[in-house]
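Trainee: Structure incoming, see below.
The values are calculated or read from the model by the stated rules, or taken from the named source; none is laboratory data. These figures come from a predicted structure and were not determined experimentally. Note that we place each Cβ from the backbone using ideal geometry, even for glycine, and neighbour counts take in every protein chain shown. For accessibility, only protein heavy atoms count, side chains too; no ligands or nucleic acids. Shrake-Rupley method; radii C 1.70, N 1.55, O 1.52, S 1.80 Å.
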Amino acid sequence: MDDILLSFDISGQEFETLPRLPLVWSPFSVPRLEEKPQNPIIETLRLGRVGKTKAYNTPPLASQDAPYPQENQDSVDFYGTSEAVSSEEDVWEQAVSLGDPHLDAITSWDTLRAPFPLQATPSCFLTQQPSHIVSAARHTINDSDSGDDFVTPDELLSCVQSMLKGIPSTLYIWEAETQTFRLHNAFGETDSKLIISGMNSITGESFARRFVKIGTLVRRLEILVTGVWQNSSRVEPAVHAFAHAVSSVLDHVKCVVVDITRSALQNSQTKGSHTLTSLWAACADVEEQLESMASLCNCGMDDPLSNDNFLSQSVTDILSRVFETLDTQFNCSSAREITATTAFILSSVSADYFDAVCHRVGYSRIGVHTSVDVLQSGHSAPFEDSDEDEVNELPDSDDEGNEDFPCFYQESLARALSNARRSLKLLRIARPDHPLLDSSGSHRIPIRWFWSEANIAKAWLRSEGMYSEPDPCFEDLPTKQAVAPTIPDVHYPSDFLEFKRFDLEPGSVIFEAGNDKPPSHIPRFNEFLDSFPNTLPSLTPSLYNLTDLVLAPLADHAEALSTALLDAFLSPSCAYLRFSSHLILLRSFLLLASPFLKSLLEGSLFSNNVGDFDIGMVPPRVSLNQKTITQSSWIIGLAPGLLAGSGWPPAGADLSFILRTVVFDALDHEYPSRQLGERRPASDDHGDESLIYDEAEWRLGFAVRDLPTGSGHAKWLNPRSIEALDFLYMSYQPPPALSVLITPNTLSKYHRLFVFNIRLLRVENVIKALFRMSSPGSDPLFQTITPSQKLFEFFRFMASSFVSTLSSYVYDVAIGSNFDTFLSKLGATHSSSASQESPPFSDVFSLAEGHSKLMDDVLSACLMRSAQKPVGDLLRSVLDVILDFGILMSDLKQGDIQEYQAAGPLENLCSSYRKKMITLVSFLRAIKYKLTAKHGIIGKGSKKSCG
């Protein structure tokens, strides 16, 4: 609008020409953005331009004669924006070299912008004044007489240098009750506030909080370590190792803090807020590292102050806590120093634990010894289990099963190690010359944590069978040769030459001559940190994958122990411990599967004779008082010799001699080649199977047990009851090595079946005696009551059919088929172990479970399981009715009762028998339907057909 006159014609009037308006110059300008990625903060700071000119570019003052800006003047650079900084690195390097005081201040964007006019009039608002003026004014207004600590950055820096190491200073003192550093001014006031020059109280306390936190955590960790050392008598070795690792990390952290402080002081030209800010920023990683370690040790800022809970933790709890913390840090991609710290603690604590576990399963190596049993909680006694003690000590499955393992032991591995520990003791008894019992173990790899990619790859190749070269030391830590300590060149009198060693650094004389290895297997933390990777390699992407790789040799050794012991029990080369031979012996004697033993036992304990028995029927070897055997002492089904005494059960040397003779005669008949002799050690001549039968004469034997005598439990005291012989059972003492397969629990199942078979034998002899009573040529029992005689013969037929069928089922199906199937599995297990196939039984403990399950199946087939109690009681009541039937007829035969007195009870017994049989058959059909339906072999309408 240059010299333009404005004229207006309104109602015919003409206005005068208006004067020219004054030129108004804008106090600011927004430069046009270039077509490139913008970095307004870096470009606006213009640190390089400020360092050279020390002046800000300001737009020219407006003048009245100055022309208006033209459209093509938008490229004029009033603000120096055309001169760009070369790189961000140059900006920060120049910021450090210039040392501008405004660079360290907490300022707003308005004070950072380059075109801030220095000629501008200061603002009248107090909050827009420099920070030190605002701080002083705020302090004066709030409380000018308070005891707050006013410090300069240099004074705070001198106090921070000591506090970062956990040492009190003139500004901060240690409060033992709260275990924290608190501010303490010159007047002794404890509620004062810290005010740094140029900052207010809130900013100053926030600025110093990081230094206070670092010093507090360092001091708390030192107190924890000291507490472990002072209570060394009541803490576990794992806690000592943990404290040693924490102490090593603390030493490293203190060295890092010293280096950070020295670097901050050297890089600054003058001490002040810039040095303090640099130190504050550099301590961020240290704070995070200490906070992580303190949280692991339960001594963080928010944790309770007592360390008793930590000191009382077991080794498994400590290892589990450290492992879970490390796994979380790997998953969260924590800083390398943090994960390395936790990994170092885990490696240190688990070293002795791994050695102890290896020692307990026979995986020891030369030079690897453990002085303390770290596996037993609360004990610090030396771990000195000699081979002789372990040979005499039988494994206890209950104690071994309760052993705790850290969380990184999988359930399968924990079970395998528990089994391997028991297998080791049994293998020392069964095969003391086995190669796995080699105590040297020089070919075995030590169980240690390894973290480098090279060692992980080597371990993975070894687990895959592609790498077989043994490693003398499988650790991630650089080994250093011991260097002879250098004694300072100081001249001492000849009498004081021995004191020259006190001029050396602490610990430099612990290496004796000829020993080139340090006495401790825990390396220095800085060496561990140098070799620790940033992330886990791809072969083990997670910590659990690495754990499986670390523990793989131990798992393979445990499996080899179990396989070796299983082979010792199944291989024909070790015939004395061959489980199948002992199993056949148990079946023949404890389950009465031997026909010859069964006949001998029937002749000694039972009788199928009638009242006019012959004394000559008693076995010839038995010496009885014949005068006491009378007609009145006869009870159907029992041998007369058992009733020779005055009471029941029979006792004395006669019964013991009878039963002992039965065992000897049966062994001589079953194994005619056996030799009589003294007991021989179980370790002698394991390849001779005849030793089993030679020792059977003292391993097998009858025994008497005490039974309850209370109300309702004294039926065994009555010889007319079916429970009359329940006090008798046959015992077997297996060889010590076979105690894991033939356990007392399994033997108790044999004893239950033995009692059932004894009852069945008595009922069989009662049926035979009933047939003798009514044999052709003898007088009928009911001479005057014909219907009762016919009912007797009908009842006798039903009972005979049932008892003979039940006896055949028990010995041929329940016992015979189950045992034959199990014996075939034993043969398949031995053949599959030689052909590298999957065996039916993986180890001796699964074989022991299979043996126990075999007896459960036999008991189930005989309706003797607890879940089958209603049906089993019904079966036993049927046998009881048959015995009562025989006793009734024997009383009639002897003339104790008359025919009319026996007719009514006979009808009642026959009716009871038929009702019980109908109910029993219904139960058996229901059980059959349930079992077949479970296996899916019953279709529609099958249930109706079963009914």
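Trainee: Using θ = phi - 60° and the Karplus curve 6.51 cos²θ - 1.76 cosθ + 1.60, what whole-Hz ³J(HN,Hα) does each residue of the stretch 814-819 get, with Gly and Pro shown as x?
Mentor: Karplus values, whole Hz, x for Gly and Pro: 4, 8, x, 5, 5, 5.
Trainee: Pop out the carbon and sulfur fraction of the accessible area of the stretch 688-831 as a percent, whole number, probe 1.4 Å. Please report the intermediate quantities before stating the final value.
Mentor: Details: 3300 of 5940 Å².
Carbon and sulfur: 55 percent of the exposed surface of the stretch 688-831.
Trainee: So, one more: M301: accessible area at probe 1.4 Å, nearest 10 Å²?
Mentor: M301 has an accessible surface of roughly 80 Å² with all protein chains in place.
Trainee: Take each of the peptides 429-435, 751-757, 29-35, 237-243, average the number of other beta-carbon atoms within 10 Å over its residues, and list them starting from the highest.
Mentor: Put in order of decreasing packing, that is 237-243, 751-757, 429-435, 29-35.
Trainee: What list of ³J(HN,Hα) values in whole Hz, one per residue of the stretch 341-348 in order, does the Karplus curve 6.51 cos²θ - 1.76 cosθ + 1.60 (θ = phi - 60°) give from phi, with Gly and Pro shown as x?
Mentor: Going residue by residue, I get 4, 5, 5, 5, 5, 4, 5, 5 Hz, with x marking Gly and Pro.
Trainee: Let me ask you something else. Of H582, H669, which has the most accessible area and how do the rest follow, probe 1.4 Å?
Mentor: My answer, sorted largest first, is H669, H582.
Trainee: Hey, another quick one. Mind listing the long-range amide H neighbours of L591? Cut-off is under 5 Å, sequence gap 5 or more, other chains count too, H placed in the peptide plane at 1.01 Å from N.
Mentor: Amide H neighbours of L591: none.
Trainee: Cβ neighbours within 10 Å, averaged per peptide: list 763-773, 596-606 in order, most packed at the top.
Mentor: Details: 763-773: 20.9, 596-606: 19.2.
So the peptides 763-773, 596-606, ranked by packing, come out 763-773, 596-606.
Trainee: Could you check how much of the accessible area of the stretch 533-607 is carbon and sulfur, as a whole percent, using a 1.4 Å probe?
Mentor: Roughly 56 percent of what the probe reaches on the stretch 533-607 is carbon or sulfur.
Trainee: Okay, moving on. Would you please give the residues with an amide H less than 5 Å from that of G701, counting only those at least 5 places away or on a separate chain, with H modeled from the backbone geometry?
Mentor: S731
Trainee: Measuring with a 1.4 Å probe in the full set of protein chains, what accessible area per residue, in whole Å², belongs to the stretch 739-811?
Mentor: It amounts to 41 Å² per residue over the stretch 739-811.
Trainee: Moving on. Could you state the accessible area per residue of the stretch 567-610 in Å², with a 1.4 Å probe and every protein chain left in place?
Mentor: 23
Trainee: For D302, what accessible area in Å² do you get when you roll a 1.4 Å probe over the heavy atoms of the protein chains, rounding to the nearest 10?
Mentor: 150
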